[in-house]
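Participant: One structure, pasted below without further comment.
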Amino acid sequence: MFHRIRRRRAAETSELQHRSYEAYQRMAGQVPPEVERLRTTQQPTEPAPAVDDFLPPELRVPSHDQLDGRMMPWTQPIILDGEVVACAECGAYRDWLILSTRDQIWLRCRQGHQQRETRLDTAWYNRHAGPADAHHATFEDCLRHLGH
């Protein structure tokens, strides 16, 4: 009994598909009259002049390839693997500058001691860094800008 129902449904489906395909074939070459009317009323225009759509130089931001590195302030303690990261020389554990350069992350304490942090990577830095608010020509200018 169920095989008869399945055959009947399959036949109904194929008939519906066949009718849909025939309707599609009839409409395939037709164009709506509104489109034809618009084509006849439109006049060919001159091509638009090529315009430099790039930002002016003062608004352009250098790409990561053009920068020697980036840095951001980090006032909270950094906890990695359940351990508070402290400066190896003075023991400071907060108020860091985090430097990202050449796919390495460096931590700089307020006293100016720097240590490489291998447990952090550039992806971590990119997730936590906000947009750059300034670009500096030298490392010292950047330190001054960030108050270190």
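Participant: Counting only helical runs of four or more DSSP H residues, what would the 222 nm mean residue ellipticity of the chain come to if each run contributes -39,500 (n - 2.57) and the total is spread over all its residues?
Facilitator: -10500 deg cm²/dmol
Participant: If you place +1 on the Cβ of every Lys and Arg, -1 on the Cβ of every Asp and Glu, and leave all else neutral, what size is the dipole of region 81-148 about its Cα centre, to the nearest 20 Debye?
Facilitator: The dipole magnitude comes to about 40 debye.
Participant: Over the C-alpha atoms of region 66-145, what are the Rg and the largest Cα-to-Cα span, Dmax, in Å?
Facilitator: When restricted to Cα atoms, region 66-145 yields Rg and Dmax of 12.3, 37 Å.
Participant: Sticking with this structure for a sec: Can you compute 3J(HN,Hα) from phi for each residue in region 33-40, using the Karplus curve 6.51 cos²θ - 1.76 cosθ + 1.60 with θ = phi - 60°, rounded to whole Hz and x for Gly and Pro?
Facilitator: Rounded to whole hertz, the list is x, 5, 5, 4, 5, 5, 4, 6.
Participant: I'd like to compare 136-144, 61-69, 102-110, 49-57: which one has the highest average count of other Cβ atoms within 10 Å, and what's the full order after that?
Facilitator: 102-110, 136-144, 61-69, 49-57
Participant: A follow-up question, please. Using +1 at the C-beta of Lys and Arg and -1 at the C-beta of Asp and Glu, which of GLY69, GLY112, SER20 has the Cα lying farthest in the positive direction of the dipole of the chain?
Facilitator: SER20
Participant: Here is a further query. Residue separation times 0.36 nm, minus the C-alpha to C-alpha distance between ARG144 and THR40: what's the value?
Facilitator: Result: 30.8 nm gained on full extension.
Participant: Continuing with the same structure: So if I place +1 on the C-beta of Lys and Arg and -1 on the C-beta of Asp and Glu, and nothing else carries charge, what would the dipole magnitude of the chain be about its Cα centre? I want it in debye, nearest 20.
Facilitator: The calculated dipole for the chain is roughly 1300 debye.
Participant: Helix 2-27 versus the longest principal axis of the chain: what is the Cα-based angle in degrees, 0 to 90, to the nearest 10?
Facilitator: 90 degrees
Participant: Apply the Karplus parameterisation 6.51 cos²θ - 1.76 cosθ + 1.60, with θ equal to phi minus 60°, to every residue of region 71-81 and state each ³J(HN,Hα) to the nearest whole Hz, in sequence, with x for glycine and proline.
Facilitator: 8, 9, x, 9, 7, 7, x, 9, 10, 10, 6
Participant: So, one more: Run the Debye formula on the Cα coordinates of region 1-81, all scatterers equal and no solvent, and tell me log10 I(q)/I(0) at q = 0.11, 0.13, 0.23, 0.25 1/Å.
Facilitator: -0.74, -0.79, -1.12, -1.21
Participant: Another question, then. In what sequence, highest mean first, do 20-30, 117-127 appear when ranked by Cβ atoms within 10 angstrom?
Facilitator: Ranking, from highest mean packing down: 117-127, 20-30.
Participant: Would the chain count as rounded, prolate or oblate if I go by the C-alpha gyration tensor, calling it rounded below 1.5 in a/c and otherwise prolate when a/b exceeds b/c, oblate otherwise?
Facilitator: The shape class here is oblate.
Participant: Taking the Cα centre of region 22-98 as origin, work out the dipole magnitude from +1 charges on Lys and Arg Cβ and -1 charges on Asp and Glu Cβ, in debye rounded to 20.
Facilitator: That gives a dipole near 380 debye.
Here, each number is a calculation from the coordinates, and none is a lab measurement. Quantities reported herein were computed from a predicted structural model and do not represent experimental measurements. For neighbour counting, all protein chains shown are included, and Cβ atoms are generated from backbone atoms with ideal geometry for every residue, glycine included.
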